[in-house]
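Data first, discussion second: the structure below is written as structure tokens.
All of the numbers you see were taken from the coordinates with simple rules; none came from a lab. This is a predicted model, so every value here is computed, not measured. All Cβ positions, even for glycine, are placed from backbone atoms using ideal geometry, and neighbour counts span all protein chains on display.
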Amino acid sequence: MPKINLLSKELSELIAAGEVVERPASVVKELVENSIDADAKHITVEITNGGITSIRITDDGCGIEREDVATAFLRHATSKIKSESDLYSISSLGFRGEALAATASVSRIELFTKSRNEDMGTHYVIEGANEVLSEESGCPDGTTIVIRDIFYNTPARMKFLKKDVSEASACAAVVERAALSHPEIAFKFIRDGKLSFSTSGDSSLKSAIYSLLGRDFSNSLIEVECESSGVEVSGFITKPVYCRQSRASQYTFLNGRLVRCGTVTAAIEQAYKNTAMVGKFPGFVVCVKVPFDSVDVNVHPAKTEVRFADEKRVFDAVYYAAKNALALLDTRPVISSYKNDNAINRMSTEEYCQQKAYIPETAAEKAYKTFIEKPVLKTDNTSFLQRKDVKDYIQKSESVKIDKVDTKDQEVKKETDFSETQSFPVLDDKQEEIVYIGEAFSTYIVAQKQNSIYLIDKHAAHERILFNNLKNKVNIETQTLMLGVSVRLSREEFDAVTTNIEVFEDFGFEIEEFGNSTVLVRAIPAMLMSEDVESIITEAASSLLEKGVPSVEKIDRIYHTVSCKAAIKAGMHTSSGELKALAERVLSDNEIMYCPHGRPVAFEIKKRDLEKQFGRIQ
Ligand code: ADP
Ligand code: MG
């Protein structure tokens, strides 16, 4: 057995540092958290060469008093907790008293700090955990800390660093998250001398999202807000159509701290069931506040994981916040020809608003607006007059030269120009009606309502209607099968079906046990064909057997299977009467937005966008 040695102070500190300081981004995280804990209103983070050469963090927080400076760099030195009971009710981001000590042991640190109570501040230098300088110095209120040559004394660690670019992106991500979690603080991130991003600190989460995550993401969001049994939930989630392939745009902040939290993610994703596409994930920035003593943040050295005293309470509050927000959604996805420009995406809100203010309204736009506001044109028999008025109005305000047209031509135009009349916002009663235009590719219904054209996926629409009927037990009719259909199942499937017979009876099935793992289906919902029976029963059985799925969800899946089988199919012939009825139902019922798998049922094309596309207006 080799001899047992007591490790030197330096070596044991290096081992401890390894837990906290893994790469420059971990230093940035700890130091930014210190600035937030110090109640700073402005925090600037500057890095060079991915933070490997230097990291400088400047804040205008409370500063460190002269006599405490050296202590702050010792292990287990913290001003944030005093006793064990404080540990169970933590309101600050830091509390372990490790970050400064750990960072000091693997780098060269220079600190300038001054608390408001003192006239003079402190200039302090510490290298590899050894104090090099401590002197009085004139400095502004707050703290500036510079970390140079990280890992200069631990070449083994240095080897694990990635390229400067990757380290820089990791630092940027840390500051981005800190800025998202604290919209009341103005952040600046400067990379190799260039301002990379900044937030205004105006306390609006939406404007922080806009500045940091871009315009497209910001525009895809709906607000969530809910308070239930001591759990406050606020923030934003994406509309179902904007769900993405990965979970990369999910941010959970618990009491102002970015955490990975399976409970919150699961609650939000559960709320999208039936609206988001299978295999896609919602994006969100959600802030959850719980009483400090109902959460344990001391379960992970980097404090990114938490444990709740009452997980279900948190799950429920988040679930209902998201579910309620989604239920209020009543707009359909719009097909717009005006895709957002990428340069705009990265603009801060302020820059965007400034730029927008400088785009002058075109004469046509003004004319169009004034015209819409003019509620004059009502009666049916004045359509030619209306058309002339509108055209005159727009042409005059654009000062376009009107060519002389001979009267005969004008008469002909009068007869054939109906479609053009429709393209102006003439306010007559007919516009309220749903006009069935036709069907494209034997799949998409084309219909018009008010100032929009809608493309409706006939299968998705029908499936959604049937699904809603099944779920709400509306229009459920049963057809008896003369001979009955026997379905052979596995032992497990058989048990699942026979113990849930009343679930099936609820929407029109009659099922009997037939022995030997076989069931006899005597009646089925009228919407189904008898040849679908076997596949429906086996699919339903496998839904029932799925592990870890709540039973309501299992039943929903059975409804999906049935409605999908019963719905009209894309590519197949459907009578125009049926298509018209479908269009009318879809466009008059805001509940029919997404098919049960989360695909959109209809897209809207706004008349205004068409007019822009055709150059009728600008
Ligand atoms: P912790 O944050 O867990 O307390 P740290 O090692 O990060 O431990 O910091 C030690 C102490 O130094 C803090 O408790 C705080 O009192 C002080 N401190 C660190 N950074 C700052 C800062 N930017 N402004 C004011 N005080 C700071
Ligand atoms: Mg700290």
*region 37-133 - Kirkwood radius from inverse mean 1/r over Cα pairs (Å)*: 14.6 Å
*Using 1/(1 + (r/R0)^6) with R0 = 45 angstrom and r between the beta carbons of Leu545 and Lys162, what's the FRET efficiency to the nearest 0.05?*
0.50
*For the cross-link pairs Lys41/Lys82; Lys188/Lys323; Lys458/Lys612; Lys41/Lys289; Lys323/Lys580, which exceed 24 Å when the distance is taken from alpha carbon to alpha carbon?*
Lys41/Lys82; Lys188/Lys323; Lys458/Lys612; Lys323/Lys580
_How would His42, His123, His573 line up from fewest to most surrounding beta-carbon atoms within 10 angstrom?_
His573, His42, His123
*Per the Kirkwood definition applied to all pairs of different Cα atoms, how many angstroms is the hydrodynamic radius of region 205-329?*
14.6 Å
*Report the extension gain between Glu433 and Thr498 in nm, rounded to one decimal, defined as 0.36 nm multiplied by the number of residues separating them, less their alpha carbon distance.*
18.5 nm
*Please report, in debye to the nearest 20, how large the charge dipole of region 205-329 is about its Cα centre when each Lys and Arg carries +1 at its beta carbon and each Asp and Glu carries -1 there.*
440 debye
*From the residues Phe614, Thr574, Phe467, which one has its Cα farthest along the dipole of region 433-618 in the positive direction, the dipole being from +1 and -1 charges on Cβ of Lys/Arg and Asp/Glu about the Cα centre?*
Phe614
_Only four residue types carry charge here, +1 at the Cβ of Lys and Arg and -1 at the Cβ of Asp and Glu. Report the dipole size of region 9-198 about the Cα centre in Debye, rounded to the nearest 20._
780 debye
*Going toward the positive end of the dipole of region 9-198, with +1 on Lys and Arg Cβ and -1 on Asp and Glu Cβ, which of Gly138, Met120, Leu74 do you reach last?*
Leu74
*asked:* Starting from a Cα-only point model with no solvent, please compute log10 I(q)/I(0) by Debye for region 76-211 at q = 0.10, 0.15 1/Å.
replied: -0.47, -1.09
*What list do you get for Ser249, Ser26, Ser35, Ser12 if you sort them by fewest beta carbons within 10 Å?*
Ser12, Ser249, Ser26, Ser35
*So what are the ³J(HN,Hα) numbers for region 80-88, from phi and the Karplus equation (6.51, -1.76, 1.60; θ = phi - 60°), rounded to whole Hz, Gly and Pro as x?*
9, 9, 10, 10, 4, 5, 4, 5, 9
_Cβ-based exposure ranking for Asp119, Asp316, in which fewest neighbours within 10 Å come first_ = Asp119, Asp316
*Pop a pseudo-label 7 angstrom from the Cα along the beta-carbon direction at both Asp296 and Asp86 and give the gap in nm to one decimal.*
2.0 nm
_With the cut-off at 1.5 for a/c, could you classify region 514-609 from its C-alpha gyration tensor as rounded, prolate or oblate?_
oblate
*Taking the simple approach of a point 7 Å from Cα along Cα-to-Cβ for both Ser530 and Lys289, what is their distance in nm?*
6.4 nm
_Calculate the FRET efficiency for Ser576 and Glu477 from the Cβ-Cβ distance with a Förster distance of 35 Å, rounded to the nearest 0.05._
0.90
*Quick one: if you stick a label point 7 Å off each Cα along the C-beta vector at Asp39 and Glu305, how many nm between them?*
3.5 nm
*Return the ratio Rg/(2.2 N^0.38 Å) for region 433-618, where Rg is computed over Cα atoms only.*
1.24
